[in-house]
């Protein structure tokens, strides 16, 4: 696939090199020829001095027929304009814009423009490393309304059906890692000590999830014939 990267800063140069290493055809655009010094000497792609919203420059970079474009300059407006041109003029199917302003990122995401909110992501990553939390988000969408949560199974949940963690329209058990082996049939399993859960949770469902995970030890044993039954 041919991919166009607009912006040859630290992110753009690293992205272009990584994509090329995967065997993709890559062109990179930057308004400064000096920026291309960030690329490794072995970079095989086309270097275009120009602008991501100039059609001549985009076409020199292979926008016609390209499979993807990433706009990762330091300017939000430039990145948004670039991906709109890529999508509307050149019908490039996969586009993404790097956005610094979290409020703009959410608006553009709702308008159907894929964005990466740099500041929001950085804040979230730093916060997670500073503050202990009951649950740990490993991914969230640009609106902040949906998250994939990684959670060590609390001891009180060992021996309980994991589907009991689910809540309609709020929480869904997606997968788990057990003894180093990932499994996607998690909701059909009985919890075991050492399980690492992956759950899809809406923003309004986070409190519900934390309440469920805080199950009292007195409630840790399931009712009926399930006690002492076989585990999967």
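For the range 93-109, taking the residues that are under 29 Å from residue 65 (Cβ atoms) and part of a helix (DSSP H, G or I), the one that is farthest from the chain's Cα centre (by Cα) is identified as 108. Here the condition is being touching a residue at least 24 places away in the same chain (Cβ under 8 Å), surrounded by 20 or more Cβ atoms within 10 Å (Cβ to Cβ), on the phi < 0 side of the Ramachandran plot and touching a helix residue (DSSP H, G or I) at 6+ places or on another chain (Cβ under 7 Å); of 61, 86, 71, 16, it holds for 71 alone. Here the range 176-202 is the region considered, the condition is being crowded, with 18+ Cβ neighbours inside 10 Å and touching a helix residue (DSSP H, G or I) at 6+ places or on another chain (Cβ under 6 Å), and the residue that is farthest from residue 141 (Cα to Cα) is 191. Where strands (runs of 3 or more DSSP E) fall wholly inside the range 111-158, the ranges with 2 or more residues that are at pLDDT 85 or above, touching a helix residue (DSSP H, G or I) at 6+ places or on another chain (Cβ under 9 Å) and more than 27 Å from residue 88 (Cβ to Cβ) are 146-152.
The values are calculated or read from the model by the stated rules, or taken from the named source; none is laboratory data. These numbers come from a predicted model, not from an experiment. Neighbour counts run over all protein chains shown; Cβ positions are idealised from the backbone, glycine included.
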